[in-house]
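Only one structure is covered here, and it is reproduced in the block below.
The values are calculated or read from the model by the stated rules, or taken from the named source; none is laboratory data. Note that this is a predicted model, so its numbers are computed, not measured. FYI the Cβ positions are ideal-geometry reconstructions off the backbone, even for glycines, and counts take in every protein chain you see. Surface accessibility is based on the protein's heavy atoms, side chains included, excluding ligands, DNA and RNA. Shrake-Rupley method; radii C 1.70, N 1.55, O 1.52, S 1.80 Å.
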Amino acid sequence: MIEVRELSKRYGAVRAVDGLSFTVEPGYVAGFLGPNGAGKSTTMRAVLGLDAPTSGEALVNGGRYADIRRPMCEVGALLDANAVHGGRSAVNHLRCLARSNGIGDKRVVEVLEQVGLAGAARRRVAAMSLGMKQRLGVAAALLGDPGVLLFDEPVNGLDPEGIRWIRDLMRGLAAEGRTVLVSSHLMSEMAVTADRVVVIGRGRLILETSMRELTERFRRDVLVRTPDPAGLRRALERGGAVVVPDEDALLVQGLEAADIADAAARSGIAVHELTPRSASLEDAYLELTEDSVEFRTEEVAR
Amino acid sequence: MIDVVASEWLKVRTVRSTYYLLLTAVLALAFGGVVSYLMTADYDQSPPELRAAFASADPSVFVMPFTQFAAGVIGALAITSEYTGGMIRTVLVTVPRRVTLLVAKIAVVGGSALALGGVVSFLSYGVGVVIIGDRPAPLAQFATFGDALPSVLANGLSIAVVALVGLGFGMLLRSTAGALTTLCFLMFVVPMVAVFLPAPWNNRLVSVTLLYLTPQFSGSIERAPLTPGWALAVLLAYPVVALVAGAVALVRRDA
């Protein structure tokens, strides 16, 4: 379990995280979403005790990360796949990390096989592709068989096969009852991976909800085509719907598709098309974070 | 704690730079032997009045500064190689207690540098004995092994001192180039510049530089400005100051 309470982190004048609170429970994949610079990595670093919060706290399993005796056995983290010493071989890199937490070499071999790097164990880390380094970082996170996992942008640099692998891995880890927090700036990725999402922008919480509710919330309207738009419009507006004509169709809000069909049948009006339309999650995400984008492409004044 | 020390020891053994720097020590030994041999050959061909003006042909004069600097590089790299590229964050996630990490690094760097220093210092003395043979002073600095022992041990200690200074600078400056430049400045530039100061400040400043503290501590310089006790105190103050400054930086700053 991860608890972030009123967390704030300032770097000079910049508020990277500003009064952020959320909780991640075991058993599901929590997506941590926000545009670049929203404070996702800073929050994760605060959870892991790398950055000291300006105020507030970030707790893992009810305590401070720095107080855990063998942290690798409770929390696994992949922050930056490039944060490795390039001169060591993959297996030696993992052995160095494992030994600091009293984890044996046998487990190192196991995780290398689990992430599909058994064949590259002797290869120098500097000679690895970003995708292989991501796998190595995942291996390091799994070394202590921890109950809490944090992944910061794990799909970066992975090929489609690798993306599917890490998605299945995270879902598998959550299904085993672990706490899994995955950050991303890609809604499309989270849509297929996460069960719940925490959306932040400019260091503040925008939304914490389940993926299903997010989809539901941004369901927009029903597109209706009929040979008698004016008649149907009157019928629907009597039922309390808001109807907007759109070329040869009507866009209806406030009534479900079934209610529209029933209303049309009662009025004896034929309906040629009836399509519930939801905003894509990508649109929803952009709408949510619109006001909080740190770096946007400004239109150049002429 | 023991686990973290074991991890740090494994880290030192699994990077190439450590072996290159050990090779440097071997090359320094070979170079010192060659210089010692050339001086001895020159001595043999010189008339007696010139022989009296010879300096000591002890290879340690050349071997120790090179080995000290190599040890300083090992010490600095023990931490700066982790700052370069961000490995330090991975390390601090696995060992969040920073003081524990620091103590483990001190134990590994200090311990291995002390062992290295002892071996190199004894080898250097041995090479000198083989080359100089039974030729008298001033070519041979020490008449017997007993006379030489304090100097040999002090030289061994100086390797560990410089390695720990390198580690402290590395923690403080977080960059290999920064740490090594500072170390190089302190070891080699300050004594050169100090010579140009007006007396008595030139001798005073030179006497507290790293390279000249060791012979003062072992009592092998006549009319040394510092007593052996003071020389040891100043010698140990170097790593203590560097490591305390480095520790404060490591504990206080965000990684």
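Annotation note: trypsin sites (Lys or Arg not before Pro) in the range B:168-236 located in DSSP loop regions with a Cβ neighbour count of at most 14 within 10 Å are B:R223. Looking at chain B, the accessible area is 46 square angstrom per residue; that uses a 1.4 Å probe and ignores ligands, DNA and RNA. Each part gets one Cα centre, and for the range B:131-167 versus the range B:172-241 those centres are 17 Å apart. Classify the protein assembly as shown as rounded, prolate or oblate from the Cα gyration tensor: take a ≥ b ≥ c as the square roots of its eigenvalues, call it rounded if a/c is under 1.5, otherwise prolate when a/b beats b/c and oblate if not. Prolate is the answer for the protein assembly as shown, as a/c is 1.5 or above and a/b outweighs b/c.
Straight-line cross-link partners of A:K40 among the lysines, defined as a Cα under 27 Å from its Cα and at least 8 positions apart when in the same chain: A:K9, A:K133. With Cα atoms defining each centre, the range B:13-80 and the range A:126-162 are spaced 46 Å apart in the structure.
Taking the average, over residues, of other Cβ atoms within 10 Å as the packing measure, peptides B:152-165, A:227-240, B:74-87, B:45-58 rank B:152-165, B:74-87, A:227-240, B:45-58 from highest down. Computed about the Cα centre, the dipole magnitude for the protein assembly as shown is approximately 1300 debye when only Lys and Arg (+1) and Asp and Glu (-1) carry charge, each at its Cβ.
Summed over qualifying helices (DSSP H, 4 residues or more, each -39500 (n - 2.57)) and divided by its residue number, chain A shows a 222 nm mean residue ellipticity of -10000 deg cm²/dmol. In this calculation the C-beta distance from A:R266 to A:V109 is compared with R0 = 56 Å, giving a FRET efficiency of 0.20.
Site pair A:A127 and A:T209 shows an inter-label distance of 5.1 nm when each label is modelled 7 Å from Cα along Cα→Cβ.
Starting from the Cα gyration tensor of the range A:219-278, take the square roots of the eigenvalues, sort them a ≥ b ≥ c, and report rounded, prolate or oblate (rounded when a/c is under 1.5, otherwise prolate if a/b is larger than b/c, else oblate). Cα axes put the range A:219-278 in the rounded bin.
For B:K105, list the lysines whose Cα falls under 19 Å from its own Cα; do not include residues on the same chain fewer than 8 positions away. Of all the lysines, those that pass the test against B:K105 - Cα under 19 Å, at least 8 places apart if same chain - are B:K11. Centre-to-centre separation between the Cα atoms of the range B:93-111 and those of the range A:66-94: 15 Å.
At a 1.4 Å probe, which residues in the range B:1-39 are at least 30 Å² less accessible with all protein chains present than in their chain isolated? Buried on complex formation: B:D3, B:S7, B:L10, B:K11, B:T14, B:V15, B:R16.
Quote the FRET efficiency, to the nearest 0.05, computed for B:S17 versus B:N203 with a Förster distance R0 of 45 Å and r equal to the Cβ-Cβ distance. Plugging the Cβ-Cβ distance into 1/(1 + (r/R0)^6) gives 0.75. Based on protein heavy atoms only, chain A ends up with 47 Å² per residue of surface accessible to a 1.4 Å probe.
Are there any trypsin sites (Lys or Arg not before Pro) in the range A:62-115 that are in a DSSP loop and have at most 12 other Cβ atoms within 10 Å? List them by number.
Sites meeting the loop and neighbour criteria: A:R69.
Can you name the helices of chain B, as whole DSSP H runs, whose Cα span along the helix axis is 27 Å or more and whose Kyte-Doolittle mean is not below -1.0?
Long hydrophobic helices here: B:16-45, B:60-83, B:98-132, B:145-173, B:228-252.
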